[in-house]
Amino acid sequence: MKNGHETIAVVAGGAGFIGSHLVDALLAEGMRVVCIDNFRTGRIENLRHLEREPAFDLIDADIIDAPPAKLMRSARKPGFVFNLACAASPPHYQADPEHTLLTSVMGTHHLLQLAEATGARFVQASTSEIYGDPEIHPQRENYWGHVNPTGPRACYDEGKRAAEALVFDFLRARRGDARVARIFNTYGPRMRADDGRVVSNVITQALAGDDITIYGSGEQTRSFCYVDDLVRGLIALSRHDNSYRGAINLGNPKEIKVLELAGRVVEMTGAQSTIAFRPLPVDDPRRRRPDITLAQRVLKWRPTVPLAVGLARTIAYFAAEAEALAHLPTGRGIRQARQIESRAAARPGG
Ligand code: UDP
C-alpha cells in the first residue's frame, strides 16, 4: 500500500457526519482525499475548514447516477474507495425511501465499478441495522438478522443488506479487495441538529429547554460510539493485512437505555426539560449492542472514549453551533438553528 500524498482516498458521503470526520483523519494521515457528496444530508459546513486544503477535492455528485466519471478517467488512481454515502437517520432515510434503497444498491455498485477499474481497495459502511430487531444479544457478525422486509425501515436495512451482498459477490468473483464495517450507533460533533436521532434530539432539546421526546417507554437500549473511535476503527479496517474478509462490527459495547441517556444529558446540561413520551416507531429495535471480539482480534481496535466524555464534547458542539448561528442566548439559538436546517431540508433535493 502506498503512503503519503501519493495515496488517494475517495470518500463518498464525505460531507456527512461520519464521512467528514473520516476525511479529516485521512488528510491527517497524509493522504489526498476526494470527497463525493450529493449534499442531501451532508453539509458543506462540515468541510468548510478544508476550503484551502490543497490535498482535498470535492465532487458534487450522486453515486446513484453513475460511477464518478472524473475519477474513472483520471490517470491518478485511488488507493481506497470508502462508501459512507447514505442518509442514516430514520426520519431522513424514510423521507425518500426509494432514493435511500437505490443509494445503497446502485451507489455501491457504481463505487465497486470504480474500485475495480482503478484497483482501489473498497470499504463499505454497513450498519447494525442489517441485524434488524435482533433476537440474539449482543450481536455477532455470524447472526443473519431479523429484518422486516416490507416495513418503513426496509429501505435502509434491506438496501444495506443488498450492498453487503454486492460486496461479497465482488470478492468471490476476485474483482478486487473489499472490507465491510457494520457500524453501530455513532454520535459526536457534526451530527445535524435536525438529524432526528436520539443523541442529537435530546441534546438540542435540553439546550433549548424544550421537552425531551422519548419514543415508547425509553426502556429500549442502544450502545453509543463516539465518532473519533469509529473513524479510527474504519481506518484500521481499511489498512489491516489479516486474511479475514467478512464483515466486522464497529461500535461501543457499552449498552444504555434510551431513558437513561436522556437523563444523563439533562443532568449534564442542567436543563429544566421534562420528558415527553411519544409512540414507539414501527420496527424500532428493542436492544442493540455490538459484540466486538472480531474487531479486537483482527483490527486490534476497541473504542476508548467514555460516554460522559463524548457527550460533553457533543453538547459543547451543539451549544457553540447555536451561538454561532444566532448570536443569541443558547435556547433561542438552537430554535433558530432548527429553522435554518428545516428550511434547507425543505428545499428541492435538500
Ligand atoms: N428515540 C427517542 N427519542 C428521540 C429519537 C429517538 O426515544 O427523540 C429512540 C428511538 O425510538 C430508538 C432510539 O432512541 O429506540 C435510538 O434511535 P435513533 O434514531 O437514534 O437510532 P436507531 O433507531 O437508528 O438506532
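The values are calculated or read from the model by the stated rules, or taken from the named source; none is laboratory data. What you see is a predicted model; the values in this text were computed from it and never measured. Here the Cβ positions follow ideal geometry from the backbone for every residue, glycine too, while neighbour counts run over all protein chains shown. For the accessible areas, the whole protein counts, side chains as well, though only heavy atoms, and no ligand, DNA or RNA atoms are used. Shrake-Rupley method; radii C 1.70, N 1.55, O 1.52, S 1.80 Å.
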(request) Give the residue, chosen from Ser217, Ser243, that is free of Cβ contacts under 8 Å to residues at least 24 places away in the same chain and part of a loop (DSSP other than H, G, I, E, B). (result) Ser243
(message) Need pairs with beta-carbon distance below 9 Å; first residue closer than 26 Å to Gly216 by Cβ and near the ligand (Cβ under 10 Å from one of its atoms) and within the range 282-301, second hydrophobic (A, V, I, L, M, F, W, C) and part of a loop (DSSP other than H, G, I, E, B); sequence gap 6+ or separate chains.
(response) Asp283/Val147; Arg288/Phe184
(request) Go through the range 276-292 and give me each residue that's loosely packed, with under 15 Cβ neighbours inside 10 Å and among the β-branched types (Val, Ile, Thr). (result) Val282
(request) Determine whether the range 65-81 contains at least one residue that is within 30 Å of Thr150 (Cβ to Cβ) and away from the ligand (no atom under 16 Å from the Cβ). (result) yes
(request) Consider Ala61 carefully, then state whether it is closer than 15 Å to Ala154 by Cβ, open to solvent by 30 Å² or more (accessible area, probe 1.4 Å) and under 19 Å from the mean Cα position of the chain (by Cα). (result) no
(request) Could you check, for the range 158-166, whether at least one of its residues is more than 22 Å from Arg278 (Cα to Cα), among the small types (Gly, Ala, Ser), without any contact (Cβ under 8 Å) to a residue 40 or more places away in the chain and open to solvent by 20 Å² or more (accessible area, probe 1.4 Å)? (result) yes
(request) Determine whether the range 192-199 contains at least one residue that is in a helix (DSSP H, G or I), at pLDDT 95 or above and open to solvent by 20 Å² or more (accessible area, probe 1.4 Å). (result) yes
(request) List the number of the failed condition for Ile256; all other conditions in (1) touching a strand residue (DSSP E or B) at 6+ places or on another chain (Cβ under 9 Å); (2) near the ligand (Cβ under 10 Å from one of its atoms) hold. (result) (2)
